[in-house]
Amino acid sequence: MNAPPAHRSLRERFAIGASLLPPVALLLLASRWGWVGIPARVCLLAMPGVIGLGMGFPEVFAPWYRGFSRVRSWLGGRLVFGLLLGIHGLVVIPMGFFMRVLGQRPIDGARSGSSWVRSKGYGSLRDPF
Amino acid sequence: MWSLLRDFARFLGREKKWWLAPLILILILLGAVVVFSSSSAVAPFLYPFL
Amino acid sequence: MRYVLGLSGLYHDSAAALLGDGRILAAVQEERLSRRKNDARFPERAIRSCLEQAGITAGDLHAVAFYEKPILKFSRTLEVFLGWAPRGGRAFARAIPDWLGGRLDLRGRIRAALPGLRAECPILFTTHHEAHAASAFLPSPFTEAAILTVDGVGEWATTAIARGSGAGIEPVEEIRFPHSLGLLYSAFTAYCGFRVNSGEYKLMGLAPYGEPTWVGAIRDELVSFDEDGSFRLNLEYLDPLADDRLTNARFHARFGGPPRRPEEPLEPRHRDLARSIQVVTEEAMLRLARRAHERTGSFRLCLAGGVALNCVANGRILREGPFREVWIQPAAGDAGAALGAALAAWHGSLERGGLSAPRTPASTDAMAGGFLGPEESPEAVEASLRSLGAVWERMTPEVLRERVVRSLAEGKVVGWVQGRMEFGPRALGHRSILGDPRNPDMQSRMNLKVKFRESFRPFAPAVLAERSTEFFGLGGESPYMLLVAPVAESQRVPVAQEADGLDRLKQVRSTLPAVTHVDGSARVQTVDRDRNPEFHALLRQFEAVTGCPVLINTSFNVRGEPVVATAEDAYRCFINSRIDVLAVGPCFLERDRQPHASLPRSFEALAD
């Protein structure tokens, strides 16, 4: 494998530091609900500390960060999938239903007759539509 | 994003397809809040349709 | 000099093309550089290669043109989903992220990929079929012509007729989604167990082994033709939302069973289906060609779009259609649309946002033989061979040709990598595997042992242009290997008794058995000195030694691999296949003298 890059950008360091926040946040919640004995205030105060830790020693936390990113993008993908399924159910299906009721067929499914459509011209090259 | 919305508005006006506006608006707003990776998950036989 | 960059991709076959004062300076498919076949990713490597070949940076560009109207296409996608509702939820949730993740905001994406692009450099958009039409007409040798573009689908159009005149293209009429010949052919491709968007060639290659027994069924139920050349698909047989096919249960019941899985054996039924859909496609193309002639009055035709890669149909249009001359864009698929978009922007009127340049057609055409890709210097070739531990001899072009021809005459298979890489799906003698076409075992040997692909797939002949009529009934030139023509009667050998199915492969039908398809045809490449001097010289040398001015010419790759681009790709492919001899740049390599038995491959293999 390649040697790790000597310099990491500030942005990348910050991302690594920020990836340490969720565990601390979980700890915070746990203490709120009285599951652990650490006072919530300590957790809150520790937050800037762990960001600083991640930013200061990015190489140490890089493996954690990679795993975290993988989980996050997997979760993100599931979330988006669910959101879009919801949009389909709440928007696309009703709209499709109304269009059908109104006799609007977006797809021309006729079986016979000419299918030539006279062209309207190509339109401006500047427009992406 | 604003230039994209402007393009869409002009497009819908030209084609008289205002009924598409709510769907497009929702999707663009979603696009603005969620960062998408653009790796394709669509099977190749669907390409002609999408 | 004013530079225009054209881009295509994000669905399949991404590519970039660069014009300098209207001349085509470079054009490259992303797959060749990324080593992923039909690569659909944004063509970053291809862009870099084009800029490098011209020695410029993004800051020198005067316009960038993309081959589609993303907003129009997105709205069609949404309308399709509205039409499918309440079905299609999962497909919707899978498809939309691609759009929101970078297909929609292409201006932003292009600017991000081209740092240094001047703020005032416009980013332009042609429609899909305008890009195809421009790629067909503007590089052609014609001052006026009918233009026919046929493919799967662009924004809405699937088939379009336009009229080209001077530097202008005027769209005449179009057939719209879902009525699509490309879609229909792809449905059969998938049904017969091949991969959509790349397995269509296999279906076409399989067709001559079958009988057209399903033509009636296809015409009665799947597609109906109108007298005016237009057609309609019957959507009751097609269902892209069904699990993993374009076709549905009704289709499977009508056409004799469930779809073939890629690993299952090919049955006679699949051969007959391949033949039948091929016959229907050819007839549809002939009708469209006649319509294009009627609507434009022209006796010249320019063709592009994925279906224009169906060289059997092209051959029939040339022989049976109303046109005196036909010119086909060699990169007829979506890769060529990158070039079309750039040309459309260059010649497009000022009102439309184009650069409004006049056009003077070239005497042959403006494609420079299709050799528009990168080339490695002899030093770079030697350096990469050295780093791979290869054993080679460097020689002058004359000695190299002599050694290669001697190997070919001994029945050896030669890898031939010379000059600039081809743009488009065909290898035209710059990134080719060559063999002796007189050898009857050559076809199955090259298929099975060299390219590791199905034994039925045909090979194409490259013939000296000046002697092509002695061997093939072509009636014109075919420098881009886009026309299928019958092998001349004088070269035919009568077959005592026709064998069955794939056994017909082994029967000798002509003096050139390795390139003669079972129906006595061949996909011919005519090689002339002007456009393809190195390859022409090689054929001349082979003719001088053997008397035969024909070679087998197949693309330099193995199954699932993009055609090789560099000396390194070529060497890896050479080692891992049974190619006997490799000639790359000035270097000559023999298989027996190489230290490796195998090398890691440099491509992402694509399943069938």
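The values are calculated or read from the model by the stated rules, or taken from the named source; none is laboratory data. The shown structure was predicted, so the numbers you read here are calculated from the model rather than taken from an experiment. Positions of Cβ are backbone-derived with ideal geometry, glycine not excepted, and every protein chain shown enters the neighbour counts. Calculation scope for accessible area: heavy atoms of the full protein, side chains included, ligands and nucleic acids excluded. Shrake-Rupley method; radii C 1.70, N 1.55, O 1.52, S 1.80 Å.
Structure values in brief
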read-out	value
Residue match in the range C:80-94 (condition: open to solvent by less than 20 Å² (accessible area, probe 1.4 Å) and away from every other protein chain (no Cβ under 11 Å))	no
Unmet requirement for residue A:47, which otherwise passes all of (1) away from chain C (no Cβ under 14 Å); (2) open to solvent by 50 Å² or more (accessible area, probe 1.4 Å)	(2)
Qualifying residue in the range C:567-578 (condition: part of a loop (DSSP other than H, G, I, E, B), open to solvent by 10 Å² or more (accessible area, probe 1.4 Å) and in contact with a strand residue (DSSP E or B) (Cβ under 6 Å, 6 or more places away or on another chain))	no
From the options C:325, C:351, C:376, residue that is more than 26 Å from the chain's Cα centre (by Cα) and of a type in the set (Asp, Glu)	C:351
Scan of the range C:56-79 for residues that are touching a residue at least 60 places away in the same chain (Cβ under 8 Å), open to solvent by 20 Å² or more (accessible area, probe 1.4 Å) and either within 19 Å of residue A:97 (Cα to Cα) or part of a helix (DSSP H, G or I) (or both), ordered by number	C:72
Filter result for the condition that a residue is closer than 22 Å to residue C:154 by Cα, surrounded by fewer than 24 Cβ atoms within 10 Å (Cβ to Cβ) and among the small types (Gly, Ala, Ser), over C:284, C:292	C:284
Helices (runs of 4 or more DSSP H) completely within the range C:82-184 that count 3 or more residues being of a type outside the set (Phe, Trp, Tyr) and over 19 Å from residue C:309 (Cβ atoms)	C:89-98, C:106-113
Exclusive hit being more than 14 Å from every other protein chain (Cβ to nearest Cβ), closer than 29 Å to residue C:174 by Cα and open to solvent by less than 10 Å² (accessible area, probe 1.4 Å), set C:230, C:276	C:276
Among (1) within 28 Å of residue B:28 (Cβ to Cβ); (2) in contact with a helix residue (DSSP H, G or I) (Cβ under 9 Å, 6 or more places away or on another chain); (3) part of a loop (DSSP other than H, G, I, E, B) - the single one residue A:120 does not satisfy	(2)
Count of the range C:310-346 residues which are part of a helix (DSSP H, G or I) and either touching a Cys at 6+ places or on another chain (Cβ under 9 Å) or aliphatic (A, V, I, L, M) (or both)	13
Test: residue in the range C:32-53 that is within 11 Å of chain A (Cβ to nearest Cβ), touching a residue at least 40 places away in the same chain (Cβ under 8 Å) and closer than 26 Å to residue C:565 by Cα	no
Unique match (being within 18 Å of residue C:285 (Cβ to Cβ), within 13 Å of chain A (Cβ to nearest Cβ), out of contact with any Pro (no Cβ under 6 Å at 6 or more places or on another chain) and open to solvent by 20 Å² or more (accessible area, probe 1.4 Å)) among C:174, C:200, C:170	C:174
Residues of the range C:240-256 classified as surrounded by 14 or more Cβ atoms within 10 Å (Cβ to Cβ) and modelled with pLDDT under 75, total	2
Test result for residue C:297, modelled with pLDDT of 95 or more and surrounded by 22 or more Cβ atoms within 10 Å (Cβ to Cβ)	no
Residue count, the range C:337-350 (criterion: out of contact with any strand residue (DSSP E or B) (no Cβ under 6 Å at 6 or more places or on another chain) and either buried (at least 19 other Cβ atoms within 10 Å of the Cβ) or not aliphatic (A, V, I, L, M) (or both))	6
Among the candidates C:79, C:130, residue that is closer than 30 Å to residue C:367 by Cβ and acidic (Asp, Glu)	C:130
Residue match in the range C:507-526 (condition: open to solvent by less than 20 Å² (accessible area, probe 1.4 Å), part of a loop (DSSP other than H, G, I, E, B), of a type in the set (A, V, I, L, M) and under 21 Å from residue C:208 (Cβ atoms))	yes
All positions within the range C:351-410 that are within 30 Å of residue C:62 (Cα to Cα), outside any loop (DSSP other than H, G, I, E, B), small (Gly, Ala, Ser) and open to solvent by less than 30 Å² (accessible area, probe 1.4 Å)	C:369, C:370
Members of the range C:417-427 found to be out of contact with any His (no Cβ under 8 Å at 6 or more places or on another chain) and either without any contact (Cβ under 8 Å) to a residue 40 or more places away in the chain or open to solvent by less than 20 Å² (accessible area, probe 1.4 Å) (or both), listed by number	C:423, C:424, C:427
Given (1) closer than 30 Å to residue C:230 by Cβ; (2) at pLDDT below 95, index of the condition residue C:106 fails	(1)
The range C:392-439: number of residues that are of a type in the set (Asp, Glu) and in contact with a strand residue (DSSP E or B) (Cβ under 8 Å, 6 or more places away or on another chain)	3
Lone unmet requirement of (1) under 30 Å from residue C:83 (Cα atoms); (2) part of a loop (DSSP other than H, G, I, E, B) for residue A:96	(2)
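Yes or no, residue by residue, for (1) facing chain C (nearest Cβ under 7 Å); (2) within 31 Å of the chain's Cα centre (by Cα); (3) surrounded by 11 or more Cβ atoms within 10 Å (Cβ to Cβ):
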residue: A:56; (1), (2), (3): no, yes, yes
residue: A:60; (1), (2), (3): no, yes, yes
residue: A:63; (1), (2), (3): no, yes, no
residue: A:78; (1), (2), (3): no, yes, no
residue: A:89; (1), (2), (3): yes, yes, yes
residue: A:94; (1), (2), (3): no, yes, yes
residue: A:101; (1), (2), (3): no, no, no
residue: A:119; (1), (2), (3): yes, no, yes
residue: A:123; (1), (2), (3): no, no, yes
